[in-house]
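Q: Here it is: the structure, laid out below.
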Amino acid sequence: MMSFSEAVECATDLASRATDGGQEDWHAGAAKLEILDGRAWLLLDHAARSPTYASGNPISGVRGWLGPNADEPTGFVAVVTSLHADGRIRERATRILATKRTGIAVAALAVRLLDHVPEVRAAAWASLKPNLDADTGPRVLDIVLSSRCRYHAASALRDVEEALTADLGIAGVVQAFVTSSMRDVRRWAFELGHQQNLLTADQLVKTARSDPDQWLRRNCADWLMSIGDPSHIRQLLKANSVEGRIVALTRIPDDQLSDEQLRILLTDSSHRVRDHARWRANRRGFDVIGYYRSQLKASSVTPRVQTACLDGIALLGDESDLTCCIEHLGHPNARVRASAVNAVLGRTSGDTAIALLTPVLLDPSPRVSARASRALARLGVPPSVADEAWRSERAATRRAAWQLARASGGWHRVEADLRAAGDADSHLASFGRAGISNWLAVSAANTWARLPREQRNRIADLLTTTSINPEQARTVAFHARIEWPTASAPATR
């Protein structure tokens, strides 16, 4: 994705190629423009006429523009000229582009449909309209749709839509553009097809089940509710997308949803689907917690189902489920152990939960140790609980210790960040340095907690071994009231 500074740099380079270059520069510049999407074209257009302190507007002035090279075959020079700061020059370049059939010429004319000068917009539409068809339409729509917040975008989109439907018909436009590789164009085509009732139920089912675009999956599932029959809606229960399964689960009638389908959805891989399934099951009078307990006792249950059942027990279970949750803390699968941590936290509290979850900080799985760290932080344990984890050889375990120790806030946060900043793992050390920088910028002046002597000594030792810069170390020492060597004064004449 192009940034504004990159767009300014690109506009400056294109202006140099257009005014001072030759055939090789023009072809290279055209190739550079060919790969831009709609948003990048609009950003380049804005950058071309935005003044900079160094060189003013990147594409401006009178020398070198509209000369004999403006009509060169690639259309590159005319495209760059159409980005000029002077509206009169943009209008003349737009008329030259009418004779070019290249992709960059079509894109440049689409950009000029949004121009603030009426004469330039009129010239751009007169040049673009005869060449607007199924091949050029997606590129034009991609630019116009990317500019929906601009003042003239609505009228430009209306003109383009009317021209395309007059040439191809509404059904032809939808059929041609629903398979476009450009995301905004494809969404626009689907919306148009929905408004005109041109999308079939099978097409909506296919899109809602497996399309890579989340927006299309969700909306096609919603649209299917108005035109699809129960057989189509039931197909969404097995959709790859979470959105499709949720729509089907919330909209399908009770007499069309069997108990077996509901059981499958109660152990779905998505917690959002499971939440909706529990709501349907409770409304039906289904024993949800009993089903979860029976599944955990079965020997042939997969780890995914066990994970879902433990999450359900964490929400709906009682003290009688604690033994089962403890047993799953030693499960071979890391995802099951992580869910067991939540289940233990949901079914007990206080010293019992702390005693059960503290050893889990040393779990070999980063997922499980991090989950245990968050659970212990919620229980309000002191940072000393993480001491053994700090001594671990696994970087992930030390990171869990850092998360737990800094959760206590105040000077414990500073000590944990300093300890992490000196860690042998570069990733954890970067987190520690970032934490110290953030504390100095935001929280140092507000840390009023009394600093015990033992902790002050530990922080003083860490300041001599950590990887933060000397100025930060001196500032931390000042806030902690630690004596620190003063910087040597500069030599005076």
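Q: Pick from the range 461-482 the residues that are within 13 Å of Gly422 (Cα to Cα) and surrounded by fewer than 17 Cβ atoms within 10 Å (Cβ to Cβ): which of them is modelled with the lowest pLDDT?
A: Among those residues, the one meeting the criterion is Ser467.
Q: Given the criteria open to solvent by less than 30 Å² (accessible area, probe 1.4 Å), in contact (Cβ under 8 Å) with a residue 40 or more places away in the chain and over 32 Å from the mean Cα position of the chain (by Cα), does Trp411 qualify?
A: In short, yes.
Q: Out of the residues in the range 277-300 that are of a type in the set (A, V, I, L, M, F, W, C) and over 36 Å from the mean Cα position of the chain (by Cα), which is surrounded by the fewest Cβ atoms within 10 Å (Cβ to Cβ)?
A: This residue is Ala298.
Q: Read through the list (1) closer than 24 Å to Asp213 by Cβ; (2) part of a helix (DSSP H, G or I); (3) among the hydroxyl-bearing types (Ser, Thr, Tyr), then give the number of the only condition that Ser155 fails.
A: Unmet for Ser155, out of (1) closer than 24 Å to Asp213 by Cβ; (2) part of a helix (DSSP H, G or I); (3) among the hydroxyl-bearing types (Ser, Thr, Tyr): (1).
Q: Can you name the residue in the range 183-238 that is open to solvent by 30 Å² or more (accessible area, probe 1.4 Å) and small (Gly, Ala, Ser) and is also nearest to Ser270 (Cα to Cα) among such residues?
A: Checking each candidate, the answer is Ser210.
Q: With the checklist (1) open to solvent by 10 Å² or more (accessible area, probe 1.4 Å); (2) out of contact with any Gly (no Cβ under 9 Å at 6 or more places or on another chain); (3) assigned to a helix (DSSP H, G or I) in hand, flag the one item Thr165 doesn't pass.
A: It is condition (2) that Thr165 fails.
Q: Are any of the residues in the range 432-445 surrounded by 17 or more Cβ atoms within 10 Å (Cβ to Cβ) and farther than 24 Å from Pro382 by Cα?
A: No: zero hits.
Residue-wise test of (1) open to solvent by 20 Å² or more (accessible area, probe 1.4 Å); (2) of a type in the set (A, V, I, L, M, F, W, C); (3) in contact (Cβ under 8 Å) with a residue 40 or more places away in the chain.
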residue: Cys325; (1), (2), (3): no, yes, no
residue: Ala334; (1), (2), (3): yes, yes, no
residue: Leu356; (1), (2), (3): yes, yes, no
residue: Val368; (1), (2), (3): no, yes, no
residue: Arg378; (1), (2), (3): yes, no, no
residue: Ser392; (1), (2), (3): yes, no, no
residue: Ala400; (1), (2), (3): no, yes, no
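Q: Of Arg398, Arg419, which residue is modelled with pLDDT of 95 or more and either among the basic types (Lys, Arg) or touching a strand residue (DSSP E or B) at 6+ places or on another chain (Cβ under 9 Å) (or both)?
A: Arg398
Q: Can you tell me which residues in the range 247-269 are crowded, with 16+ Cβ neighbours inside 10 Å and either modelled with pLDDT of 85 or more or touching a Cys at 6+ places or on another chain (Cβ under 8 Å) (or both)?
A: Leu249, Leu257, Gln261, Leu262, Leu265, Leu266, Thr267, Asp268
Q: Within the range 116-152, count every residue that is part of a loop (DSSP other than H, G, I, E, B) and of a type in the set (Phe, Trp, Tyr).
A: Residues in the range 116-152 being part of a loop (DSSP other than H, G, I, E, B) and of a type in the set (Phe, Trp, Tyr): 1 in total.
Q: Would you mention how many residues in the range 112-126 are surrounded by 22 or more Cβ atoms within 10 Å (Cβ to Cβ) and more than 34 Å from the chain's Cα centre (by Cα)?
A: Total satisfying the criteria: 3.
Q: Given the conditions (1) assigned to a helix (DSSP H, G or I); (2) without any contact (Cβ under 8 Å) to a residue 24 or more places away in the chain, report the number of the one that Ala386 does not fulfil.
A: Result: Ala386 fails condition (2) only.
Q: Could you please give the count of residues in the range 242-276 that are over 23 Å from the mean Cα position of the chain (by Cα), farther than 21 Å from Gly312 by Cα and of a type outside the set (A, V, I, L, M)?
A: Within the range 242-276, residues that are over 23 Å from the mean Cα position of the chain (by Cα), farther than 21 Å from Gly312 by Cα and of a type outside the set (A, V, I, L, M) number 5.
The values are calculated or read from the model by the stated rules, or taken from the named source; none is laboratory data. Quick caveat, the model's predicted, so the values are computed rather than measured. Note that each Cβ is placed from the backbone with ideal geometry, even for glycine, and that neighbours are counted across all protein chains shown. These accessible areas exclude ligands, DNA and RNA; they are computed on the full protein's heavy atoms, side chains included. Shrake-Rupley method; radii C 1.70, N 1.55, O 1.52, S 1.80 Å.
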